[in-house]
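Below is one structure, written out as structure tokens; the observations come after it.
The values are calculated or read from the model by the stated rules, or taken from the named source; none is laboratory data. Since we're looking at a predicted model, the values are computed, not measured. Every residue, glycine among them, receives a Cβ derived from its backbone with ideal geometry; neighbour counts consider all protein chains shown. Keep in mind that these areas ignore ligands, DNA and RNA; they rest on the heavy atoms of the full protein, side chains included. Shrake-Rupley method; radii C 1.70, N 1.55, O 1.52, S 1.80 Å.
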Amino acid sequence: MLVVAATGIIAGAFGSHGLKSRLTSEALDSWKIASNYSIFNGIALLAISMHPRFGKHAFAAPAIFLGSTIFSGSIALLVLNRERFRFLGPITPLGGTIMIAGLELKPSSETH
């Protein structure tokens, strides 16, 4: 799942170098948020995958991956073309909710 972190790093670099002169500071801040969440969730997925019991959880990792993709992806598309992707605005919080559900499920799913 390092592809999530790598995507965030690439997006951050692209924002800093390729989009900086083309975006408003507000749009660039949104781009950075999307990039940072991808990086953080990629690291979380790596940590989860290394845990002896949690590494094969049926819901947590897929939810983090899906939620992160929806959350960060929708923000990035809205930054690039708000009018064309306006329908994604209400979907962004759904991605965040799915991502949080995956992160919250991991610690509570341990059985003794």
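Taken over the stretch 58-73, the residue count meeting the criterion of being surrounded by 20 or more Cβ atoms within 10 Å (Cβ to Cβ), over 19 Å from SER16 (Cα atoms) and not hydrophobic (A, V, I, L, M, F, W, C) is 2.
For beta carbons closer than 8 Å, sequence separation of 6+ or different chains, a first residue in the stretch 1-21 that is touching a residue at least 12 places away in the same chain (Cβ under 8 Å) and a second that is not in a helix (DSSP H, G or I), the qualifying pairs are GLY15/LEU23. Of the listed requirements (1) closer than 13 Å to MET99 by Cβ; (2) open to solvent by 30 Å² or more (accessible area, probe 1.4 Å); (3) of a type in the set (Ser, Thr, Tyr), SER49 misses just one: (1). Among the residues of the stretch 1-38, which ones are closer than 12 Å to SER72 by Cα, open to solvent by 40 Å² or more (accessible area, probe 1.4 Å) and not hydroxyl-bearing (Ser, Thr, Tyr)? Within the stretch 1-38, LYS32, ILE33, ASN36 meet the criteria. If only residues of the stretch 85-102 that are open to solvent by 30 Å² or more (accessible area, probe 1.4 Å) and in contact with a Leu (Cβ under 8 Å, 6 or more places away or on another chain) are counted, the one that is nearest to GLY8 (Cα to Cα) is ILE98.
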